[in-house]
1. Compute, for Val236, the solvent-accessible surface of its heavy atoms (probe 1.4 Å) with the complete set of protein chains present, and express it in square angstrom to the nearest 10.
2. Taking the alpha-carbon distance from Lys181 and a cut-off under 17 Å, which aspartates and glutamates remain once sequence neighbours fewer than 8 residues away in the same chain are dropped?
3. If I ignore ligands, DNA and RNA and count only protein heavy atoms, how much of Trp265 is accessible to a 1.4 Å probe, in Å² to the nearest 10?
4. If I compute solvent accessible area with a 1.4 Å probe over the protein chains, what percent of it on the chain is carbon and sulfur?
5. Helix 101-110: angle to the longest alpha-carbon principal axis of the chain, degrees 0 to 90, nearest 10?
6. Between Asp77 and Ala272, what is the spin-label point distance in nm, taking each point 7 Å from the Cα along the Cα→C-beta axis?
7. Under a straight-distance cross-link criterion of Cα-Cα below 29 Å, which lysines are reachable from Lys122, leaving out those fewer than 8 residues away in the same chain?
8. In square angstrom, what is the accessible area per residue of the stretch 12-99 with a 1.4 angstrom probe?
Amino acid sequence: MSFDLLLENCRVATMTEGAPYGAIEGAAIGVSGDKIAWIGKRKDLDGTAAQQRVDLQNRWVTPGLIDCHTHLVYGGDRANEFEMRLKGATYEEIARAGGGIVSTVEATRAASQAELVQSAQKRLKPLLAEGVTVVEIKSGYGLDLETEGRQLRAARTLGEQMPVSVRATCLAAHALPPEFKDRSDDYVALVCDRIIPVLHQQGLIDAVDVFCEKIAFSPAQTRRVFDVAKKLGIPVKLHAEQLSDLNGAALAAEYGALSAEHLEWANDAGIAAMAKSGTVAVLLPGAFYALRETRIPPIEGFRKAGVAMAIATDSNPGSSPALSLLLMLSMACTFFRFTPEESLRGVTVNAARALGIDKSHGTVEVGKAADLVVWDIERPAELSYWIGGNPSAAIMQAGRWTKEPCA
Ligand SMILES: [Zn+2]
């Protein structure tokens with residue numbers, strides 16, 4: 001056997017089934033091109049040729065981390081609104097000062113594509129520094145054809161310019177644009193008849209998402225959007241049951257959605273339906289924290305039913321200005337009572353499922369992308385244990401070091 005690179009003397013949390021963390025001690029990983037070519041115990045690998053060998057000094061290796069739910073591309077931010085609120089401003093005062101999601105929509109519409117890329121790069125960098133190698137980015141602050149397209153194009157550009165795979169999700173049905181006030185069905189028609197078909201034709205959409213909520217779009221409107229996505233062969237995802245129970249989880253499952261997200265108010269029927277359809281529960285502790293929510297998603301129900309759980313930053317300017325995925329592991333354990341292993345599965349193998357890329361990403365297995373993180377830790381639980389900090393020692397994305405291991 002011959003590899004471009006042989007990583008030796010490491011412990012690997014492969015995140016496959018079986019042993020806790022799918023762990024292999026005394027391991028080696030062969031990398032050829034941008035793929036994993038071999039993984040197993042070093043002693044089982046004899047007579048191997050490798051162009052390059054790296055001794056990882058018994059460090060832990062995990063799959064590259066996957067942030068499967070973000071809204072990273074937008075204009076402006078809402079730090080001013082955050083400060084106003086904490087100084088006692090009322091909702092009306094903030095709205096009058098141009099706050100809320102409308103302010104982000106206005107700033108996004110006013111931003112050029114280059115400006116959107118530049119500001120998102122600043123937010124993406126700290127995620128990549130922690131070992132994120134795949135990120136999902138949603139549109140949803142343009143709410144018109146041109147700006148939704150600009151957001152998705154900016155997402156694609158980020159994937160070309162930075163060492164990260166980007167999955168672009170069209171969330172045109174995120175909020176009602178101000179010019180459609182009291183005409184939400186007309187806006188849904190625009191999303192269904194123009195925005196999704198046109199942007200799909202331009203190759204900009206990997207998945208379609210809807211915010212199904214009393215303050216956003218109804219289950220009936222969600223169906224209209226999902227029917228269009230289905231006809232075009234685009235996978236769907238759903239923001240469901242964040243603030244109230246609208247049977248969104250069951251609706252997502254009915255359409256074979258990759259994932260349903262938030263889910264604080266998910267009911268038993270929804271959980272059972274998700275288990276049956278293989279829909280991943282994406283839980284977002286950053287939004288739970290920032291909104292000071294108290295209702296915890298039904299974690300035990302998901303566990304019992306065998307629903308795969310993922311976690312993500314939900315990085316967005318309003319309800320989760322999160323720039324650390326590792327912090328979400330800690331929050332998932334503290335707020336949601338995840339085990340550290342569930343947390344790590346939530347940002348690797350289950351996050352890959354939530355994006356429909358589990359055949360190529362999410363575990364350390366032969367044939368998968370050589371997305372790997374080397375950690376300065378004694379046990380994988382530390383990734384959930386520390387509050388802040390970044391123990392990544394080396395990062396590889398698609399077979400290339402983006403952070404070199406040092407001796
Ligand atoms: Zn979201």
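The values are calculated or read from the model by the stated rules, or taken from the named source; none is laboratory data. Please read all numbers here as calculations on a predicted model, not as lab measurements. Every residue, glycine as well, gets a Cβ built from its backbone with ideal geometry; the counts of neighbours run over all protein chains shown. Heads up: the accessible areas ignore ligands, DNA and RNA and are worked out on the full protein's heavy atoms, side chains in. Shrake-Rupley method; radii C 1.70, N 1.55, O 1.52, S 1.80 Å.
1. Surface accessible to solvent at Val236 totals approximately 10 Å².
2. Straight-line reach from Lys181, under 17 Å: Glu106, Asp144, Glu213.
3. So the heavy atoms of Trp265 present about 90 Å² to solvent.
4. 52 percent
5. 80 degrees
6. It works out to 4.6 nm between the two label points.
7. The reachable lysines, counting only those whose Cα sits under 29 Å from Lys122, are Lys35, Lys87, Lys138, Lys237, Lys368, Lys403.
8. Heavy-atom SASA per residue in the stretch 12-99 reads 50 Å².
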